[in-house]
Each structure stands twice: as structure tokens, then as C-alpha cells.
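Inspection log for the structure reproduced underneath, given as C-alpha cells.
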Number of protein chains: 2
Amino acid sequence: MAKNFADNLLEAIAKKRSPVCVGIDPVYARLPAEIIEDPEMNDEADSETALDAVREYCRQIIRIVAPYVPAVKLNIAFFERYYHEGIETYYELIEEAANVNLIVIGDVKRGDIGSTAEMYARSALGDPDFADLDRLVAPDAVTVNGYLGLDGVQPFIDVAREQGKGVFVLVRTTNPSAAEVQDAALADGRTVYELLGQKVEEWAVGEGLVGESGYSSVGAVVGAADRDQAIKLRAMMPHCLFLVPGWGVQGASAENVAACFKSDGTGALVSASRSVIYAYDQEIAGMKYLEMYPSEWAKCVEQACKDFVADVAKVAPSPG
Amino acid sequence: MAKNFADNLLEAIAKKRSPVCVGIDPVYARLPAEIIEDPEMNDEADSETALDAVREYCRQIIRIVAPYVPAVKLNIAFFERYYHEGIETYYELIEEAANVNLIVIGDVKRGDIGSTAEMYARSALGDPDFADLDRLVAPDAVTVNGYLGLDGVQPFIDVAREQGKGVFVLVRTTNPSAAEVQDAALADGRTVYELLGQKVEEWAVGEGLVGESGYSSVGAVVGAADRDQAIKLRAMMPHCLFLVPGWGVQGASAENVAACFKSDGTGALVSASRSVIYAYDQEIAGMKYLEMYPSEWAKCVEQACKDFVADVAKVAPSPG
């Protein structure tokens, strides 16, 4: 059988020797002064000027991190914010990332019932019926919300199977109030997130989904806010790659992240967003990088990316 | 205190004497031949031509239903399918609907963690930081996914409070596999959807959210596939308006829908999509309308809309 998304991702991870992903969540007000033409401009600026700056910044981020990481994750919310023009930029940046051989995850968290999910799957993962839209490069994988059960996810799985793409279903998120719903105790002793985890593992072993690597095109978003949760889910979902957000900012500690990997060093893709892309911003990264490279924002980001790779390497079991 | 979204919606419902909403989910292949210039064209058509047809069709649908219903619901997935150009059309149509005094619900089902949800809230409900984007008319309310707990929903609630807008949180959906997750039994005897329902009621009574009508800017999406579920949720969520999808196609029977209303005739907005907007399509509506108005698609839609209003009137308790 042909390689699936998981095979491709694991190959890219092996090539770069690092199971990490840089999350690109651009906020205009945080961009480096060198990119914002008028440093007096803030979020009150003209949206077109702001979007131009965002586009240029993201292009540079992609070029800076490409030598070090196998994948980037673009969060569509930060582009939707500029309405349709932002969406155009989102697809342009996916193409830029694909051109430097990065695997691209579209963090879209879509989820709806069957026929609507089919529409979302087409724009989110590609495979449009319209031949002229083929020119647009869609992400290699997307995140989806599983609260609606299998038929909200199935259309994404179908496109993933046909097109060699991937789907990461939200299982346990890292936000403070995630526990309100996801940690609720079920009558059978499980939690809601464990129920979701078992469902996702069931979906993941569906026909034509498990690749040469033993991993499925269907993975899971698993925050590493709690080590026990990560251990449980890793054991419960042997066929699923985990997309692990929150490194650096959302409190995913090193030992929690380690629990998302199998002992062979595979099984997780650790994502960091703000701690890398805003490494030059004192509010987010402190003075660490600014002292090393005063007023060289790109150098700060590059160094933070290298540090991120090195830090995860200390934590993730060595592959092979 | 100023009127909130619920007050405005109830006023519009009173004016039109009907608690219904037409869902606009345009699929190119289903458009009337009169709108598709080349009737041989199908989903393989050029996307621009298709989107032009979709736009024209939706404009006409809006004009046809405006005299009879207080609200329309635009499902963004059916526009995202045309990438950024589709999103532009989505906002154009919101403006068209607002211009004929329809309340517009954006069916976007977004949901993400705090800072990202804030971005989504800005594009989904308006209130952009960029003054030049104010020209865009955003929906009066949107649907959101509550799987991430309060902090995925809070930014939407904040925008709703400040801007007199509304939020409908998914509680129980009508798709066949919804039960997999939403009906799971909790250790405390509730189901997952009841847990969500109670959370949403808690969020709904937050400061500055409950209007003159006693209803909050925060409502819920409650499918009426099961009467007992509807009864339970109606009792549990006195401050929440229910957006009730699925009339006609998704199996929401009349008596189930009735259970979504309070005895005073308020409390629910019943939505029908395909059974109205494709009333001229034999596959969906049979021959009923085609026999009345052969080859007059707009007349079919108008009649189906009037029938929908009359049918819900039989079911919903008479207001006050």
C-alpha cells in the first residue's frame, strides 16, 4: 500500500531528527518593528497593511524554521480574523511552506454533521470538485473536533484516505477549563476524553488507514498538561500519532511530553508556537534571546527554534 | 439595560409571528436550472462560475423568505468550500439579509482555546480591531462548539455582550452518531449533553447577559431527535433560547420540536434548510411543490417556506 500521512510525517521527522512542529499564530501587534513599516501602527491599523505585514512575517518565519523542523502548524483563526483576504493569505503560506518541503498542519478545529463536514473537508484538506481550485495547496493534515461523533469526522477521514492526508481529532486540550467537559467521569469509570480517545483509536484502524509505520492517517490532539492522562492515552491509542501542543507556554512540562511518545521514540509531534515565533518579544520570552541578538528578531526566532528542537530531543526517547 | 440578542430575536419572531429560521446551505449541483447558466454544468464546473450562481441563488432565497421568517442561518462550510472567494460571498450575503431586516445566524461551529477563540470571535461576530473592516456586516449570532469548556466560548460571549450579539453553543446535535459522545452516561447520572446543557445555562446567566425577555445572549443548539432529551434540556436551561435544527430532513418530529418551547410559546427557533431551499428538487421534496408550480423554482421555495411557518405554528404553543 502507498505511504500514508503518518509514514510521510515520520519520514520527515527522521530526516530532520526532530519530532517537532512550529505553530504559526500571527498577531499583528506582536510583529517585529522591522516588519511593521510604521512602528506607531498597532492593532488599529488598516487591515490591508496589517495583513501585508503578517504575510511577510510568516514567510520569514517559514524560511527561518524550515532547516530545523519537519512541520509547521498554521492556525486559521489568526487569518480568518482578516476575513476573506486572510484566508487567501493562509493558503498562500501553506504553499510557501510546502515549497520548502515542510509538512503543513492546518489547525482549523472544524466539526459539523455529515454533509456539512464534507464541505469543510474539501476546503480544509483539498480534493475540491472544482478542477480550477486544484491550484490551491491545501494542508497535509487538519485538526477536527469530535464532539459530534464519527459522522462529523468521517468526511475528513475519507479525504485523508484518498489523498494521503491526515486528521488530528481533539481528545484532551490544554486550556484551563478543558477539564469541565473533557475530564468528567463516566459511569463506566472512564473520563470523557478517554471515551474520545478510544473512539479515535477505533476510527484510526479503519480500512486503508494504517500505514507502513503502523500509524494511522487519523491521529489525536493530546495536550500534555497532565502526565497520567498522557500515559493513559498513549497506551490506549497505539495507532495514533499525537499532536502535542503547548510546549513552552501552555505548561506542557518535559516529563509530560515524554509520556506522549512510545519507547521507540515515535508517536508524537510536539508543537510550540509563541515561545518560538515571538522569541524576540520580552513579554513572551523574557530577555533570553534579546540579550543574545539585540534587535535581530530573525536570529532570536532561529535560536529559539534550535533550542526548542534541542529541548525536545532531551525529552523524547531516541528513535530506533 | 439595553436589549440583548434574545430580546431582538423574540421581537422579530413576534413581528413575523413565527419562531422559525431558514437555513441556507447552498450546493451548486442542486441549484435550479434557471440559475445555472449552462444546465450541463455540474460540480465539475469552474469554481468562479459556480460561486456566481450560488451567490445569485442565495440572494433570491433571502428575498423570497424575508416576508415570512424572522431569521436566516448561513452555514459557512458551504462557502468555505470556495476558499477565500466563498468567504467574501458569505459576508456579502449576510449584508443582503441584514438589509431586509432578517436576523442572521452564522453557523460556524468554531471552538478553540482562549486566545484563538478571541480571533474567531472577531471574524465570526464582528468587532474587528481594524476600523476599515467595520464595513463588513457580521452575523447577529454564531454557533460554537463547547468541547473545550468555558474558555473556548468566553471570547464569543464577551463580544456578544459588548455588541448585542448572540452565541448558540452545541449541546445535542441530530446526526446519527451524536449519541456516541453526547449521550454517554456520566458517573453522576447525567449524560454528556446534560453536562454541557448545565454548563451553558451557567454561562448564560453571567453578568450582563440576560435581557428584558429573561433570555440570555447565550443559547444552545438542541436537536429534537428525541422528545425526552428536549424536555430535559428545556427544563434545565430556562435562560437559553434553543436553535433547533433538522426540521423536515433530519427527523425532528413535530412533538419533539414542541418540547423545545416553553408553555408561553417562547424559547425556540426552529430551523429548516433543505426542505425549504430545495423544495423544487424532487430528490429532496418529492413532487409536492413541483406539481403546484411546475418549473417555477422560486414559487416552490416560497410555498415550502409558508408551509414550514404554518407547520411550526401548529406545533409551537401560541405566544402569550
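Read-outs: derived from the displayed coordinates by stated rules, not from any lab. Note that the structure is a prediction, hence the values are computed from the model and not measured. Here the Cβ is made from the backbone with ideal geometry for all residues, glycine too, and neighbour counts use every protein chain on show.
Just checking the listed ones, A:GLY86, A:GLY246, A:GLY149: in the Gaussian network model of chain A with Cα springs under 10 Å, the one fluctuating most is A:GLY149.
Each Cα pair under 8 Å and six or more residues apart adds its sequence gap; the mean of these over the residue count of chain A is a relative contact order of 19 percent.
In nm, what is the difference between 0.36 nm times the number of residues separating A:ASP188 and A:LYS299 and their Cα-Cα distance?
Working: separation 111, 0.36 × 111 = 39.96 nm, distance 5.20 nm.
Full-extension gain reported as 34.8 nm.
Please report the net charge: other residues with Cβ closer than 15 Å to the Cβ of B:SER263, K and R +1, D and E -1.
Numbers: positive: B:ARG234, B:LYS262; negative: B:GLU255, B:ASP264.
Computed value for this residue: 0.
Less than 14 Å from a label point 7 Å out along the Cα-to-Cβ axis of B:ASN101: which backbone N atoms in segment B:11-39 qualify, by residue? Backbone N within reach: B:11-18. Take B:ARG227, move 7 Å from Cα toward the beta carbon, and the resulting point lies 5.4 nm from the same point in each other copy, nearest first. Springs between Cα atoms under 10 Å define the GNM used for chain A, and in it the highest mean-square fluctuation of A:ALA160, A:ALA29, A:ALA220 occurs at A:ALA29.
For the pair A:ALA14 and A:GLN60, a Förster radius of 22 Å applied to the C-beta separation gives a FRET efficiency near 0.25, rounded to the nearest 0.05. Beta bridges assigned by DSSP with both partners in segment B:5-315 are antiparallel in approximately 5 percent of cases. Rounded to the nearest Hz, the phi-derived 3J(HN,Hα) couplings of segment A:99-113 under the Karplus curve 6.51 cos²θ - 1.76 cosθ + 1.60 (θ = phi - 60°) are 5, 9, 6, 8, 7, 10, 9, x, 8, 10, 6, 6, x, 7, 6, where x marks glycine and proline.
Against the main long axis of the alpha-carbon atoms of chain B, helix B:227-236 sits at an angle near 50°.
Just tell me which lysines come within less than 26 Å, Cα to Cα, of A:LYS232; anything on the same chain fewer than 8 places away is out. By straight Cα distance, A:LYS232 reaches A:LYS73, A:LYS109, A:LYS199, A:LYS262, A:LYS314.
Computed from Cα atoms, the angle from the helix A:5-16 axis to the main principal axis of chain A rounds to 50 degrees. Computed from Cα atoms, the angle from the helix B:47-65 axis to the main principal axis of chain B rounds to 70 degrees. With a/c under 1.5 counting as rounded, go ahead and sort the protein assembly as shown into rounded, prolate or oblate using the C-alpha gyration tensor (a ≥ b ≥ c being the square roots of the eigenvalues; past the cut-off, prolate if a/b is larger than b/c, else oblate). Because a/c hits 1.5 or more and a/b exceeds b/c, the protein assembly as shown counts as prolate.
Diagonalise the Cα gyration tensor of segment A:1-127 and give the resulting equivalent ellipsoid semi-axes, square root of 5 times each eigenvalue, largest first, whole Å. Before the final figure, lay out the partial values.
Working: eigenvalues 153, 87, 20 Å².
Over the Cα atoms of segment A:1-127, the ellipsoid semi-axes are 28, 21, 10 Å.
Length, then width, then depth: along the principal axes, the Cα atoms of segment A:40-99 run 35, 25, 15 Å. When peptides B:77-85, A:105-113 are ranked by their average number of other Cβ atoms within 10 Å per residue, the highest-first order is A:105-113, B:77-85. For the pair B:GLU162 and A:THR49, label points projected 7 Å from Cα toward Cβ lie 2.2 nm apart. For segment A:5-315, the percent of C-alpha pairs falling in each 20 Å distance bin, counted from 0 to the bin holding the largest distance, reads 34, 58, 8. Any idea how far the Cα center of segment B:82-122 sits from the one of segment B:224-295, in Å? First find each Cα centre; the distance between them is then 23 Å.
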